[in-house]
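In what follows, a structure is listed as structure tokens, so that the remarks can point back to it.
Each reported figure results from applying straightforward, stated rules to the coordinates on display, with no laboratory input. A quick note: this is a predicted structure, and the numbers were derived from the prediction, not measured. All Cβ positions, even for glycine, are placed from backbone atoms using ideal geometry, and neighbour counts span all protein chains on display.
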Amino acid sequence: MRVLPTDIPDVLVLEPAVFGDDRGFFYESYNRRAFGEAVGRDVEFVQDNHSRSLRGVLRGLHYQIRNAQAKLVRVVVGEVFDVVVDLRRSSPTFGRWVGMTLSAANRRMLWVPEGFAHGFLVTSEVAEFLYKASDYYAPEHERSLLWSDPELAIRWPLRGMPLLKPKDADGTPLARAETFP
């Protein structure tokens, strides 16, 4: 597995070793020991999630203010533009974001530690998105950071307005959002 840094040091891109031939391919999508070495700590994942979305769907930017979740995310069908925002007030990168394409073709995974908001925009006809979470979903602690907050100035690769759930359309701007220490 190759580990690539991002502009936010705690957020990492992971590229698995892929073995392919004319029959297809094989790769190890998760190995606890190798993953722990890559991120510098042992992480216990307690929940796996799988979503399917159509082109133009924007999910996020979500986080849990309590029961904070670290996530390992990847795409197995299609393509998304994936975004994380640092919500840790003590961090030198507080309020900054990184975005990248995750796709079935590039097989990249993104490590999103606790303390970040996360979201994605589907840029293919359909996308299936998988993520491992380090804590259980707790809807009473879920928050939605406003995807279009001018203070964040995220450069989403949009064609018109995205398809949003009401909670995402009505997300909270960073200036008023609950954040982490």
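A few notes on this one:
- Count of region 112-154 residues which are assigned to a loop (DSSP other than H, G, I, E, B), exposed (fewer than 15 other Cβ atoms within 10 Å of the Cβ) and not hydroxyl-bearing (Ser, Thr, Tyr): 5
- Being part of a loop (DSSP other than H, G, I, E, B) and either basic (Lys, Arg) or without any contact (Cβ under 8 Å) to a residue 40 or more places away in the chain (or both) is true of residue 105.
- The residues on offer are 142, 151, and the sole one that is out of contact with any strand residue (DSSP E or B) (no Cβ under 6 Å at 6 or more places or on another chain), of a type in the set (Asp, Glu) and under 18 Å from residue 170 (Cα atoms) is 151.
- Residue that is touching a Gly at 6+ places or on another chain (Cβ under 9 Å), under 18 Å from residue 12 (Cβ atoms) and β-branched (Val, Ile, Thr), where the choices are 84, 112: 84
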